[in-house]
Amino acid sequence: MTTDDATPSPLYAKLLGETAKIDWQDLERFFAQGKLLAVARDLDLVSVAEAIATDDSTQVTQWLSAGLVERMQASTAADYSARKPELWAVVVSPWVCVQERS
């Protein structure tokens, strides 16, 4: 995330600027294409996107193994469709990383 302890990396800043609130209906097509990644609430969505963009396979593998980042499951998609929670997303092509905010 940072180039030092206080300054975000240029990529982090770019991704942060591209992160936005989004409705589930706008994400459904990405889910149908298998390109939607669910990010656990306790992770920094932009840091996850940055790790994916920089191919930080060690960190991404740790998150995947822990279930903190995963391809969106059908049950989660159905839940989002029914509840319409506040969702935030950022694109790291070909993936769209999405996180529910409470």
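Bear in mind that the values in this text are calculations on the coordinates, not laboratory data. Only a predicted model underlies this, so the values are computations on that prediction, with no experimental measurement involved. Virtual Cβ from ideal backbone geometry, glycine too; neighbours counted across all protein chains shown.
Relative to the compact globular guide of 2.2 N^0.38 Å, what is the alpha carbon radius of gyration of region 10-101, as a ratio?
Computed over Cα atoms of region 10-101, the ratio equals 1.00.
What does the net charge come to around K21 if you take all other residues with beta carbon closer than 14 Å to its beta carbon, with K and R at +1 and D and E at -1? Intermediate values should be presented prior to the final figure.
Values: positive: K84, R101; negative: E18, D23, D26, E86, E100.
Net of charged neighbours comes to -3.
Contact order normalised by length for the chain, with contacts defined as Cα pairs under 8 Å and 6 or more residues apart; what percent is it?
The normalised contact order for the chain reaches 38 percent.
Over region 48-102, calculate the relative contact order: mean separation of alpha carbon pairs under 8 Å at least 6 apart, over the residue count, as a percent.
Once divided by the residue count of region 48-102, the mean separation gives 29 percent.
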